[in-house]
1. With a 10 Å cut-off between alpha carbons and a GNM built on the chain, which of 217, 143, 167 moves the most?
2. Roughly how far apart, in whole Å, are the Cα centres of the range 27-71 and the range 130-195?
3. Taking θ = phi - 60°, what integer Hz values does the Karplus form 6.51 cos²θ - 1.76 cosθ + 1.60 yield along the range 82-94, in sequence order, with x for Gly and Pro?
4. So if I average 1/r over every pair of distinct C-alpha atoms in the range 12-145 and take the inverse, what Kirkwood radius in Å does that give?
5. Order 69-79, 97-107 from most to least packed using the mean count of other Cβ atoms within 10 Å.
6. Per residue of the range 171-177, in order, report the coupling 6.51 cos²θ - 1.76 cosθ + 1.60 (Karplus, θ = phi - 60°) as ³J(HN,Hα) in whole Hz, putting x for Gly and Pro.
7. Which percent of the accessible area of the range 91-214 is formed by carbon and sulfur heavy atoms (probe 1.4 angstrom)?
8. Express the accessible area of the chain per residue in Å², computed with a 1.4 Å probe while the remaining protein chains stay in the model.
Amino acid sequence: MIVQACINGARPADFHPALPLDAQAMARDGTASIAAGAAELHVHARGADRQESLAPEAMDRTVHALRRACPGTLVGVSTGAWIEKDDRRTLAAIAGWRELPDYASVNLSEAAAPEVMEVLRGRGVGVEAGLASIGDALRLAGLDHGGRVLRVLIEISEQELDEAFALADGIEQVLERAGIRRPVLLHGENATVWPFVERAAARRFSTRVGLEDGKELPDGSVAADNAALVAAAVGIYRRA
């Protein structure tokens with residue numbers, strides 16, 4: 001079980017004053033998050049305009065900065081289709097990376113997911129299979145990729161807690177029936193961040209927290225930064 005720090009995501013610059021939007025800010029934030037107890041880092045690289053980018057120059061700069069700042073820490077990135085807005089550009093960008101991350105998240109809801117997964121594997125990058133629906137879980141099972149992914153990322157965006165828990169249960173059931181027994185990282189978003197941290201700890205799953213998923217601490221106050229969110233999650237795991 002680990003707590004992963006997801007330090008920026010697709011959040012806009014005004015989401016939080018401590019949101020890291022360039023490689024050096026991500027490196028500083030990553031260092032603080034690891035010191036607070038995070039075992040891994042998940043980031044969305046940004047270009048010179050501070051917009052999300054999979055372009056080699058943005059990815060290489062970001063991964064290199066994190067490697068220098070956090071040696072020995074696994075670094076993961078997103079491959080979300082919304083970043084490049086074109087499947088061919090996404091695949092070409094991944095093929096051009098020189099500073100390779102340890103793993104990359106692939107959303108099974110996206111049309112090019114199988115191709116993205118194969119390109120990543122061909123480059124020696126682990127795949128974190130992102131499942132946000134029952135359909136995503138069924139697709140993973142149907143693609144016969146379940147046994148070859150680094151882990152399964154169950155990420156729930158529903159904000160009504162009963163519905164969110166029911167969806168997570170359904171995804172877990174599909175994985176069980178398909179015989180996919182890979183490590184699971186479970187997380188919520190915004191209002192459901194902390195209920196899912198508690199659920200993950202109780203079920204001995206990994207989880208993630210950070211400004212990608214929400215900015216509030218368990219008591220409802222706004223966290224000072226990513227490190228404060230990580231420290232709160234680590235505290236929950238220790239008590240569990």
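The values are calculated or read from the model by the stated rules, or taken from the named source; none is laboratory data. Keep in mind the model is a prediction, meaning the values are calculated, not measured. Cβ placement follows ideal geometry from the backbone for every residue including glycine, while neighbour counts extend to all protein chains displayed. Accessible surface is based on the protein model in full, side chains and every heavy atom, while ligands, DNA and RNA are left aside. Shrake-Rupley method; radii C 1.70, N 1.55, O 1.52, S 1.80 Å.
1. Among 217, 143, 167, the largest mean-square fluctuation in the Gaussian network model of the chain belongs to 143.
2. Cα centroid to Cα centroid, the span is 25 Å.
3. Once θ is set to phi - 60°, the couplings for the range 82-94 become 5, 5, 8, 6, 7, 4, 5, 5, 4, 5, 5, 4, 4 Hz.
4. On the way: mean 1/r = 0.0653 Å⁻¹.
It is 15.3 Å.
5. Result, highest mean Cβ count within 10 Å first: 97-107, 69-79.
6. Coupling constants for the range 171-177: 5, 4, 5, 4, 4, 5, 5 Hz.
7. The computed percentage sits at 50.
8. 43
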